[in-house]
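Q: This is the structure I want to talk about, given as structure tokens.
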Amino acid sequence: MKNKKAFTLIELLVVIAIIGLLATLSVIALNNARAKSRDAKRVADVRQIQTALELYFNDNLEYPTTVTPGGTIGNGTTTYMQLVPAPPTPPSTIDRYTYTQDSDTSYTLEYYLEGNVGSIPAGDNRATNAALR
């Protein structure tokens, strides 16, 4: 008999199973990294909006009545934010930042996070003129 050197079917199946497991783990890690990236962008967007709102307040002694993603924050002569950002998607269930002027001297900006970002918990959150939470 001749000695043939080849892989057995069991060896090939084990290698394929290991490759499949590694591929699955890398996809899961990539999805987690994407979610964290979207959350970081959301927090950065909210902080930029807050900065523009504070600049607006310093000049006008009141907060704007409306702020919409895709719009601007300005008073006609001065633009404080050229383009109000829209949150990254997914999740598609919460696809906007919701601004509410509570009074001339206070506002609430609602946003959603997929996971914890620092001390800010996952889920629905609110930023106000007093704090980002």
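The values are calculated or read from the model by the stated rules, or taken from the named source; none is laboratory data. A quick note: this is a predicted structure, and the numbers were derived from the prediction, not measured. All Cβ positions, glycine included, derive from the backbone under ideal geometry; neighbour counts span all protein chains shown.
Q: Quickly run through segment 39-76 and pick out the residues that are in contact with a Leu (Cβ under 9 Å, 6 or more places away or on another chain) and crowded, with 17+ Cβ neighbours inside 10 Å.
A: 39, 42, 43, 46, 49, 50, 53, 63, 64, 67, 73
Q: Which of the residues spanning segment 115-133 are surrounded by 12 or more Cβ atoms within 10 Å (Cβ to Cβ) and either closer than 19 Å to residue 31 by Cα or at pLDDT 90 or above (or both)?
A: First pass over segment 115-133, keeping only residues surrounded by 12 or more Cβ atoms within 10 Å (Cβ to Cβ): 115-117, 120-122, 125-129, 132.
Matches in segment 115-133: 115, 116, 117, 120, 121, 122, 125, 126, 127, 128, 129.
Q: For residues that are under 25 Å from residue 116 (Cβ atoms) and either of a type outside the set (A, V, I, L, M) or touching a residue at least 40 places away in the same chain (Cβ under 8 Å) (or both), tally how many sit in segment 1-52.
A: Filtering segment 1-52 for residues under 25 Å from residue 116 (Cβ atoms) gives 24-51.
In the following step, the residues that additionally are either of a type outside the set (A, V, I, L, M) or touching a residue at least 40 places away in the same chain (Cβ under 8 Å) (or both) were identified as 24, 26, 31-32, 34-43, 45-51.
Result for segment 1-52: 21.
Q: Return only the number of the condition from (1) in contact with a helix residue (DSSP H, G or I) (Cβ under 6 Å, 6 or more places away or on another chain); (2) over 23 Å from residue 33 (Cβ atoms) that residue 77 does not satisfy.
A: (1)
Q: Considering segment 34-67 alone, what residues qualify as being in contact with an Asp or Glu (Cβ under 7 Å, 6 or more places away or on another chain) and among the acidic types (Asp, Glu)?
A: Selection gives 39, 62.
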